[in-house]
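Written out below as structure tokens is the structure these notes cover.
The values are calculated or read from the model by the stated rules, or taken from the named source; none is laboratory data. Here the structure is a predicted model, which is why all the values come from computation and not from measurement. FYI the Cβ positions are ideal-geometry reconstructions off the backbone, even for glycines, and counts take in every protein chain you see. Heavy atoms of the whole protein, side chains included, go into the accessibility calculation; ligands, DNA and RNA do not. Shrake-Rupley method; radii C 1.70, N 1.55, O 1.52, S 1.80 Å.
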Amino acid sequence: PVSPIGFVHLGSYVAKLGGISEGYRYVILARSLIDRVGSRESAGEVISIGTQVRAYVEPLQATLEYHDEGYAASMASGDIIQAALNTVLICSSSLSAGVNLQTMWEKSVEVTNFLFERKMFIFVVQMQCFQGCVFKLSGKEERTKYVSAEVVHGILATNNNAMATYYVHKAYIGFIFRSYDDSKQYIEKHLEVVENTWANLLVAHSFLAFYFGLISFWVARNSRDEPQWLENGNRSKLAFKKWAESSKWTFENKWYMLEAEESYCNNDFDSAKLFYEKAISSSQDHKFVHEEALACDLAAFFYMEIGETEKALHHFLLAHKKYYEWGAFAKCDSLFKFVESNFSPLPQGVGHTNNASELSEEQDALPVRG
């Protein structure tokens with residue numbers, strides 16, 4: 001019964017070192033051994049670790065259900081730790097997969113209640129970080145914390161995984177809401193602790209690499225340390241280019257977004273335009289509505305910067321529509337306020353989230369305020 005565990009961890013380590021295809025083969029072997037040996041005692045662990053590698057080869061959205069199977073197997077064998085891990089991983093992967101935010105919120109409540117009842121406070125703190133993102137994006141009113149601020153601070157001070165999770169979610173929210181200082185500050189803090197975290201390959205590693213790359217290119221356009229940040233962004237871009245070889249479905253759109261942002265940094269505007277449109281198209285084709293919104297959002301700021309205001313407003317409207325589809329109503333409101341203050345008058349139908357679904361992709365852009 002222990003051999004499947006050995007193979008799945010070997011596959012995860014190999015995949016994290018860059019051998020995605022080889023690691024995937026070990027993971028599939030481990031999964032098949034569970035069925036062959038007829039023992040389900042280790043199934044929860046094999047599925048929790050293996051699913052995270054499979055997400056680098058199979059469509060990310062399709063892998064989420066494997067964690068449900070892992071949870072059920074863990075509970076059947078009495079392995080509460082692996083049951084908890086499967087539930088936490090399905091939540092964190094859902095953010096990368098672009099699951100509707102209301103669905104994510106409902107799942108996160110279920111998961112956090114499960115963890116809190118079993119006094120698994122490290123996981124609870126990580127889930128509070130996740131819920132904080134959902135609150136910020138959706139505009140939900142934040143509920144009472146499961147654990148006190150004192151407990152949270154104690155866990156963050158002693159657990160690198162929890163601290164890394166906290167910092168990356170802060171950096172992510174800062175980037176989505178265009179807070180330059182928060183994005184830069186928290187991604188730098190994350191880098192201070194990230195090397196002492198999980199050795200296994202996780203979907204969270206690609207989430208970090210993506211936003212680290214995007215933030216790096218943003219900082220490079222605004223920092224005296226431009227070469228360092230350009231290099232950071234380039235490393236992320238190359239990682240996604242390689243991952244796209246194993247899963248075009250999951251990683252192609254992100255690679256294109258990073259290419260676009262790098263081209264923008266290098267003042268190669270023709271290439272930037274091409275890659276922004278490729279990123280939007282790939283996100284749409286592969287059902288990543290949240291990243292379709294983000295690609296439109298980034299393209300809009302790019303077009304605004306280079307003075308193509310009609311294209312800028314067109315992409316802001318597209319971004320607004322897609323953020324609404326995802327359930328990111330607070331982001332919709334933030335984007336509306338920005339557009340309202342920079343474009344006048346707004347096309348008919350543009351407003352806050354109460355009428356965001358009525359946005360038209362075909363409205364003609366109007367001039368930017370002088």
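Roughly how many debye, to the nearest 20, is the charge dipole of the chain about its Cα centre, given +1 on each Lys and Arg Cβ, -1 on each Asp and Glu Cβ, and no other charges? For this selection, approximately 680 debye. Could you tally the net charge around K242, taking each other residue with its Cβ under 15 Å from the Cβ of K242, Lys/Arg +1 and Asp/Glu -1? Taking every other residue near K242 into account, the sum is +2. The trypsin sites (Lys or Arg not before Pro) of the range 55-154 meeting both criteria, a DSSP state outside H, G, I, E and B (loop) and at most 10 other C-beta atoms within 10 angstrom of the site's C-beta, are K119, R143. For the range 191-259, applying the loop criterion from DSSP together with a ceiling of 12 other beta carbons within 10 Å to the trypsin sites (Lys or Arg not before Pro) yields R224. Treating r as the C-beta distance of Q228 and A157 and R0 as 35 Å, the FRET efficiency rounds to 0.80.
Once the Cα-Cα distance is subtracted from the 0.36 nm per residue extended length, the K337 to E106 segment shows a gain of 80.3 nm. Taking every pair of alpha-carbon atoms in the range 220-300, give the share separated by more than 19 Å as a whole percent. Within the range 220-300, distances greater than 19 Å cover 35 percent of Cα pairs.
The apolar share of the surface of the range 12-86, taken as the fraction of accessible area on carbon and sulfur atoms (1.4 Å probe, ligands and nucleic acids excluded), comes to 55 percent. Here K331 is the anchor, and the aspartates and glutamates within straight C-alpha reach of less than 15 Å, apart from those fewer than 8 places off in the same chain, are E141, E291, E292, D297, E340. The equivalent ellipsoid that matches the C-alpha gyration tensor of the range 176-235 spans semi-axes of 21, 12, 11 angstrom, in descending order.
Rounded to two decimals, what ratio of Rg to Rh does the range 53-188 give with C-alpha atoms and a Kirkwood Rh? When Rh is taken as the Kirkwood radius, the ratio is 0.96. Loop sites by DSSP among the GluC sites (Glu not before Pro) of the chain, restricted to those with at most 12 other Cβ atoms within 10 angstrom, leave 143-360 as the longest stretch without any of them. Surface exposure of the chain, expressed per residue as accessible area with a 1.4 Å probe, stands at 43 Å².
Fully extending the segment from E305 to S281, taken as 0.36 nm per residue of separation minus the present Cα-Cα distance, adds 6.4 nm. Helix 180-193 axis versus longest C-alpha principal axis of the chain: approximately 20°, rounded to the nearest ten. Here's the list of aspartates and glutamates a cross-link from K170 could span, going by alpha-carbon distance under 17 Å and ignoring same-chain residues fewer than 8 apart: E142, D181, D182, E188, E192.
Distance cut-off 27 Å, Cα to Cα: go down the list K273/K322; K107/K241; K273/K337 and report the pairs above it. Distance filter (> 27 Å) returns K107/K241.
Pairs of alpha-carbon atoms within less than 8 angstrom and 6+ residues apart define the contacts here; what relative contact order does the chain have, in percent? Result for the chain is 12 percent.
Between the helical axis of 60-77 and the longest alpha-carbon principal axis of the chain there is an angle of about 30 degrees.
Take the Kirkwood radius over Cα pairs of the chain, plug it into Stokes-Einstein at 10 °C and 1.306 mPa s, and you get 74 µm²/s for translational diffusion. Estimate the FRET efficiency between K145 and S3 by the formula 1/(1 + (r/R0)^6), using the beta-carbon distance for r and 45 Å for R0, to the nearest 0.05. Rounded to the nearest 0.05, the efficiency is 0.60. Placing unit charges on the Cβ atoms of the charged side chains and taking the dipole of the range 209-333 about its Cα centre, the candidate lying farthest along the positive direction among A312, A209, Y323 is A209. Estimated purely from DSSP H runs of n ≥ 4, each contributing -39500 (n - 2.57), the mean residue ellipticity at 222 nm for the chain is -25000 deg cm²/dmol once divided by its residues.
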